[in-house]
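As structure tokens, the structure follows; a few thoughts come after it.
The values are calculated or read from the model by the stated rules, or taken from the named source; none is laboratory data. All of these numbers come straight from a predicted model, not from anything done at the bench. Cβ placement follows ideal geometry from the backbone for every residue including glycine, while neighbour counts extend to all protein chains displayed. Side chains included, ligands, DNA and RNA excluded: accessible areas come from the protein's heavy atoms. Shrake-Rupley method; radii C 1.70, N 1.55, O 1.52, S 1.80 Å.
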Amino acid sequence: MCHLLVIEESEFALRQAVVLYYETKEPFYLPAELAEGEEVFLATKNGIVAYAEVLFSEYTTRPADPHWLTEADEQERTYACLDLISVDLRHPLLGSPLAGLQVNPGQTDLKVRQRLVEAWQAGHFESDVTTIDQAKNRRMERFRERNHLEPLKACCEMCGNTQRSILEWHEYHGHFKTLCPTCHRLAHQGIEKREDVAATSDHALPEQ
Ligand SMILES: [Zn+2]
Ligand SMILES: [Zn+2]
């Protein structure tokens, strides 16, 4: 079964929470009554930000979590304990209001589930890498770039492209730069080329 859980961000800081819990690999609780093993898409009003699996549900008072922005009452409710599979704050499904996607919160039927899973996975392309180590590094880098929370600059820092909706973060020596997708691809190709030179010859690294 598959469920779309929409979280009110004035009550729970969902984006901050999923980035943290994905990095620390900690499960966390949200109010929902879901069966073990159920798939869950976590969404804000502006679209989907994470894909998770239910570990179990528990009838209890609200489990402590610093991402709650409202005071806890003593009321017992059912909370689902969730394990994150993937998180993407710059996925194309975010920024598509749920009405536009024609999906309703709650249980989804098989057709909607199929559509959501395919759309989510399609946004998760890996760039061309050749070794497992490179792929691993690229995956972590990509996670940090796609889930960096600062506001983007108004234009691409390389070519000046001002199309806000396509701009993304690029991690460079521990800092983040705003780039358009074209300059972003070039930036990564530049890095890989430099690594090749270092690995295969005695020449010093060229100046960047
Ligand atoms: Zn650019
Ligand atoms: Zn990058």
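Would you say LEU149 is assigned to a loop (DSSP other than H, G, I, E, B) and assigned by TED's automatic domain parsing to the domain that holds GLU168?
yes
Looking at the range 86-94, is at least one residue touching a residue at least 60 places away in the same chain (Cβ under 8 Å), of a type outside the set (Asp, Glu) and within 16 Å of ligand 2 (Cβ to nearest atom)?
Yes; the residues of the range 86-94 include at least one that is touching a residue at least 60 places away in the same chain (Cβ under 8 Å), of a type outside the set (Asp, Glu) and within 16 Å of ligand 2 (Cβ to nearest atom).
Here is a list: ALA35, ALA64, ALA50. Which entry is out of contact with any Pro (no Cβ under 6 Å at 6 or more places or on another chain) and open to solvent by less than 30 Å² (accessible area, probe 1.4 Å)? Quick ask: steps written out before the conclusion?
On the way: ALA35 fails: open to solvent by less than 30 Å² (accessible area, probe 1.4 Å); ALA64 fails: open to solvent by less than 30 Å² (accessible area, probe 1.4 Å).
The match here is ALA50.
State which residue is nearest to ligand 1 (Cβ to nearest atom) when the search covers only the range 173-193 and only residues that are open to solvent by 60 Å² or more (accessible area, probe 1.4 Å) and at pLDDT below 80.
Once the filter is applied, the top-ranked residue is GLN189.
Looking at (1) assigned to a strand (DSSP E or B); (2) away from ligand 1 (no atom under 16 Å from the Cβ); (3) more than 30 Å from THR61 (Cα to Cα), which is the one condition that is false for ALA119?
(1)
Quick one: how many residues across the range 161-184 are of a type outside the set (A, V, I, L, M), part of a helix (DSSP H, G or I) and more than 8 Å from ligand 2 (Cβ to nearest atom)?
Of the residues in that region, 5 qualify.
If PRO92 meets every condition in (1) closer than 25 Å to ALA187 by Cα; (2) not in a loop (DSSP other than H, G, I, E, B) apart from one, which number is that one?
(2)
Of everything in the range 1-32, what is among the aromatic types (Phe, Trp, Tyr), open to solvent by 40 Å² or more (accessible area, probe 1.4 Å) and in a helix (DSSP H, G or I)? Give them in sequence order.
Start the filter on the range 1-32 by keeping residues that are among the aromatic types (Phe, Trp, Tyr), which leaves 12, 21-22, 28-29.
If we keep only those that are open to solvent by 40 Å² or more (accessible area, probe 1.4 Å) as well, we get 22, 29.
The answer is TYR22, and nothing else.
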